[in-house]
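Starting off with a structure, shown below.
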There are 2 protein chains.
Amino acid sequence: MTAPLHQTHPAGPGRATPDTQQGMRRRNLARVMHTVSAGGPLSRAAVASRIGLTRAAVSSLVDELIRSGLLEELGPERPGRVGRPGSALAVSGRGPAGVGAEVGVDHLAVCAVDLRGQVRARAVRYGANRGRPPEPVAGELAGLVRRVVAEAEGQGLWPAGLAVAVPGLVARDARTVVRAPNLDWQDTDLGALLPGDLPLTVDNEANFGALAELWLGDGTPRDFLHVSAEIGIGAAVVVDGRLLRGTRGFAGELGHVPVRPDGPECACGGRGCLEQYAGEDAVLRAAGVAPGEDRVGLLAGRAAQGDEAVRRALRDAGTALGIALTGAVNLLDPDGVVLGGALAGLAPWLLPSLRAELARRTAGPACPVSVSELGSEGPLLGAAHSVVRGVLDDPASVAGRS
Amino acid sequence: MTAPLHQTHPAGPGRATPDTQQGMRRRNLARVMHTVSAGGPLSRAAVASRIGLTRAAVSSLVDELIRSGLLEELGPERPGRVGRPGSALAVSGRGPAGVGAEVGVDHLAVCAVDLRGQVRARAVRYGANRGRPPEPVAGELAGLVRRVVAEAEGQGLWPAGLAVAVPGLVARDARTVVRAPNLDWQDTDLGALLPGDLPLTVDNEANFGALAELWLGDGTPRDFLHVSAEIGIGAAVVVDGRLLRGTRGFAGELGHVPVRPDGPECACGGRGCLEQYAGEDAVLRAAGVAPGEDRVGLLAGRAAQGDEAVRRALRDAGTALGIALTGAVNLLDPDGVVLGGALAGLAPWLLPSLRAELARRTAGPACPVSVSELGSEGPLLGAAHSVVRGVLDDPASVAGRS
């Protein structure tokens, strides 16, 4: 589980495992885990019939998964079923947990999610991280991780891996933050700054947000564009249930799509990029609101109270998003666009102009735009769940580690 | 081979075949074909050692491929090799051929390509197709197909399938042209208009052009954006050696990415789309050149002679392409951009401003832009080769059909 994120296994678990006896057992362990995870509690017989293996074969797999602490027996099934009562199997609420972390511009957050998908421990620390060097930020994050791990361990869980969401571009090594302009970080090897006792994956927050949407969202399509924002605007492209990462891992930079080619200069070197119109700083400026803590809450509050300057600024941001998304939709032809992160909280005031702009520029029905129900929790949950998915996809990778 | 284009098999042949005895033989037939295709002529022993099967197993596979007319024996290998002389194997220059066809705005073209990748027959008919109903165009195309097939059959080949490139959006059924604005076609079931005796695949010309680039180009990366133009501007997105098709099959509509959101109205319903600045009609208008036959040749000729109005029009088109490609590169993070089709012929006058615009708008090194050596032949060759690839990827699909 050193690179769980590259193993999102859209076509089922263990696809890449070589086709040996051992590989087949590994894949079958994953099949059992996914079957119980999706449909449990289930008897051994029910698992066997669902995955098309003999009951004896399934029993041997189940025994191994119970020994590893990944499955547990709930005791005899309730009576009334045909045949000898079997013991119902469920994914363990103890055993391995995924630890997710988020480096935000204004906060740090860590959570632990068990194999059932429940958040079992959580810690947040508010405070501006912009302009702080990576070392103290990573140090504080490590402290939060230790606290969450200790709390999880107190409940019989153990950490299977750590996944960290950052607001910036991450290299394909899944540990180096190449550029995080809103933190002022550049070429930062986050892997070297965090404790080395857990398998680590670092990824862009929009990517983790998109994975959360894919895994936890209600009816999320398998081809979509996930757009989120904190100070900058990030996007993640999901094609057939997989993240499109790009050659360097930088795909999804919607914030630097030119909206008005002669517009204001942008830090990226361009002009009139989307961030100049729909980034938080730009919206605050246009609304005449001084930046402070909880900027999204501030904007949403004022907009809800009817502040016309704020509403106009958000309307214009929606229009700019609509222009940039028209280009993205033309290039990618997704099933839908999902607004997440800070954008989700501002959706009531962004969406009308965004949708109108997209419709105006589209022949035929416009691409549907929806709002994430996970909102700003998406990246953190996506990070933790990416570790959990890694365990479900290859239970053998953590067997014997409990 | 009814859907060869969805089977581009980036990770090797026959991936999707179920894992049965028969499936394994199918995959091994493909392995032998690809090995001889890539490295032939080769002896049976050399094939066996390259794919890691016993010589006996390879001989049985080779015999089947020879019987099906896919491989041929060249006779005893030249002396001087160690051991008993074996007969060298080569991909057959007879046997199955891929028939590619192109519906252009100003021409129809058909060619037959053998398993060795050689064009063995070719027919072209010049004449404007814009505004003509699909029936007579398809009728003429069918005539050219018959002529090319007859010529190929005279050389001992037989057609394994027909792939047709069209300048428009094609549904995922790979036969319905949903919208081809430059032909004035809409919801045209091309499959019903062409003779039904060959397995048929219809696809967008930019997609076939991109596949030609991927298969025949020298050093083409596996992640790239292929941009081509006839009257409109199309693009194809290749990710890890596979076409990104989009939910409806419409991905790659670079021509309708907004470049100047308040620019001139476009037929798509939008404003200031790339086609309004870099499409052929727009460039001809800006250059003050009357549209006629061979517009690209006309523009290239005038530009080469130093016509300043034409050069300025092409320079401005390059700038507009640079703006639209900045957005695409930010979203997709490809290894490179390849200009193909009509754009390849105009590259000397488009590229400087295009590259400058892309560099100006990019922090760090800009995405490299190169020019296709296949030029306007790309889509036709890509179509024919897609059929050939289908045979190499699954030789069993055509066995016994000769």
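The values are calculated or read from the model by the stated rules, or taken from the named source; none is laboratory data. Bear in mind that the values here come from a model prediction, so they are computed numbers and not experimental data. Backbone-built Cβ (ideal geometry, glycine too); neighbour counts: all protein chains shown.
Within the range B:25-120, considering only strands (runs of 3 or more DSSP E) that don't extend past its boundaries, which have at least 1 residues that are charged (D, E, K, R) and modelled with pLDDT of 90 or more?
The strands (runs of 3 or more DSSP E) meeting that bar are B:71-76, B:95-103, B:107-114.
Could you tell me whether A:ALA309 is surrounded by fewer than 22 Cβ atoms within 10 Å (Cβ to Cβ), of a type outside the set (Val, Ile, Thr) and at pLDDT 95 or above?
yes
If you go through the range A:308-324 one residue at a time, do you hit one that is assigned to a loop (DSSP other than H, G, I, E, B) and closer than 30 Å to B:LEU225 by Cα?
Looking through the range A:308-324, none of the residues is assigned to a loop (DSSP other than H, G, I, E, B) and closer than 30 Å to B:LEU225 by Cα.
Next question. Being among the acidic types (Asp, Glu) and either over 24 Å from the mean Cα position of the chain (by Cα) or buried (at least 23 other Cβ atoms within 10 Å of the Cβ) (or both) is the filter here; which residues of the range A:357-392 pass it?
Selection gives A:GLU357 alone.
Which count do you get for residues in the range B:333-359 that are more than 13 Å from chain A (Cβ to nearest Cβ) and outside any helix (DSSP H, G or I)?
The total comes to 4.
Considering only the range B:191-229, state which residues are part of a helix (DSSP H, G or I) and surrounded by fewer than 24 Cβ atoms within 10 Å (Cβ to Cβ).
Listed by number, the residues that qualify are B:GLY191, B:ALA192, B:LEU193, B:LEU214, B:TRP215, B:LEU216.
Still on this structure, please answer the following. Output the residue which, of all residues in the range B:238-256 that are more than 7 Å from every other protein chain (Cβ to nearest Cβ) and surrounded by 22 or more Cβ atoms within 10 Å (Cβ to Cβ), is farthest from A:VAL239 (Cα to Cα).
Out of the qualifying residues, it is B:GLY255.
Which numbered condition trips up B:LEU299, out of (1) more than 26 Å from the chain's Cα centre (by Cα); (2) away from chain A (no Cβ under 13 Å)?
Answer for B:LEU299: the failing condition is (1).
Right, something else. Do the conditions hold for A:ARG147, that is, is it more than 20 Å from A:ARG295 (Cα to Cα) and either more than 20 Å from the chain's Cα centre (by Cα) or assigned to a loop (DSSP other than H, G, I, E, B) (or both)?
So A:ARG147 fits the description; yes.
I need the full set of residues from the range A:230-252 which are free of Cβ contacts under 8 Å to residues at least 60 places away in the same chain, assigned to a strand (DSSP E or B) and small (Gly, Ala, Ser), in order please.
A:ALA236, the sole residue that qualifies.
Which number in (1) in contact with a Ser or Thr (Cβ under 8 Å, 6 or more places away or on another chain); (2) within 20 Å of B:ALA328 (Cα to Cα); (3) within 14 Å of chain A (Cβ to nearest Cβ) marks the one condition that B:ASP187 misses?
Tallying (1) in contact with a Ser or Thr (Cβ under 8 Å, 6 or more places away or on another chain); (2) within 20 Å of B:ALA328 (Cα to Cα); (3) within 14 Å of chain A (Cβ to nearest Cβ), B:ASP187 fails exactly one: (2).
Now for a different question. On the basis of being closer than 22 Å to A:ALA320 by Cα, in a loop (DSSP other than H, G, I, E, B) and within 14 Å of chain B (Cβ to nearest Cβ), does A:PRO261 make the cut? So that I can check it myself, show each step before the final result.
Details: closer than 22 Å to A:ALA320 by Cα: yes; in a loop (DSSP other than H, G, I, E, B): yes; within 14 Å of chain B (Cβ to nearest Cβ): yes.
Against the criterion (closer than 22 Å to A:ALA320 by Cα, in a loop (DSSP other than H, G, I, E, B) and within 14 Å of chain B (Cβ to nearest Cβ)), A:PRO261 qualifies.
Next up: Check whether at least one residue in the range A:266-288 is more than 11 Å from chain B (Cβ to nearest Cβ), surrounded by 23 or more Cβ atoms within 10 Å (Cβ to Cβ), touching a Lys or Arg at 6+ places or on another chain (Cβ under 7 Å) and not aliphatic (A, V, I, L, M), and report yes or no.
So far as the range A:266-288 goes, yes, one or more of its residues are more than 11 Å from chain B (Cβ to nearest Cβ), surrounded by 23 or more Cβ atoms within 10 Å (Cβ to Cβ), touching a Lys or Arg at 6+ places or on another chain (Cβ under 7 Å) and not aliphatic (A, V, I, L, M).
Then there's this: Determine which single condition A:PRO181 fails, assuming it passes every other condition in (1) in contact (Cβ under 8 Å) with a residue 12 or more places away in the chain; (2) more than 11 Å from chain B (Cβ to nearest Cβ).
(2)
When you go through (1) surrounded by fewer than 22 Cβ atoms within 10 Å (Cβ to Cβ); (2) in a strand (DSSP E or B); (3) hydrophobic (A, V, I, L, M, F, W, C) one by one for A:LEU298, which number turns out not to apply?
With respect to (1) surrounded by fewer than 22 Cβ atoms within 10 Å (Cβ to Cβ); (2) in a strand (DSSP E or B); (3) hydrophobic (A, V, I, L, M, F, W, C), A:LEU298 is out only on (2).
Cβ-Cβ under 6 Å, sequence separation 6+ or interchain: first residue in the range A:311-325 and away from every other protein chain (no Cβ under 13 Å), partner in a helix (DSSP H, G or I) and among the β-branched types (Val, Ile, Thr). Which pairs?
If the second residue must be in a helix (DSSP H, G or I) and among the β-branched types (Val, Ile, Thr), the pairs left are A:ALA313/A:VAL283; A:ALA317/A:VAL283.
Still on this structure: Within the range B:289-327, how many residues are in contact with a strand residue (DSSP E or B) (Cβ under 8 Å, 6 or more places away or on another chain) and of a type in the set (A, V, I, L, M, F, W, C)?
3
Search the range A:206-237 for residues being over 18 Å from B:ARG245 (Cα atoms) and acidic (Asp, Glu), and hand back the single one that is nearest to the other protein chains (Cβ to nearest Cβ).
Applying the filter and picking the extreme gives A:GLU213.
Has the range A:166-173 got at least one residue that is part of a strand (DSSP E or B) and over 18 Å from the mean Cα position of the chain (by Cα)?
Initial filter on the range A:166-173 (part of a strand (DSSP E or B)): A:166, A:169-170.
Of the ones still in play, those that are also over 18 Å from the mean Cα position of the chain (by Cα) are none.
Checked against the condition, which is being part of a strand (DSSP E or B) and over 18 Å from the mean Cα position of the chain (by Cα), the range A:166-173 yields no hits at all.
Here is a list of conditions, (1) within 22 Å of A:ASN204 (Cα to Cα); (2) away from every other protein chain (no Cβ under 14 Å); (3) not in a loop (DSSP other than H, G, I, E, B), and A:GLU373 meets all of them except one; can you say which number that is?
Here A:GLU373 meets the rest and fails (3).
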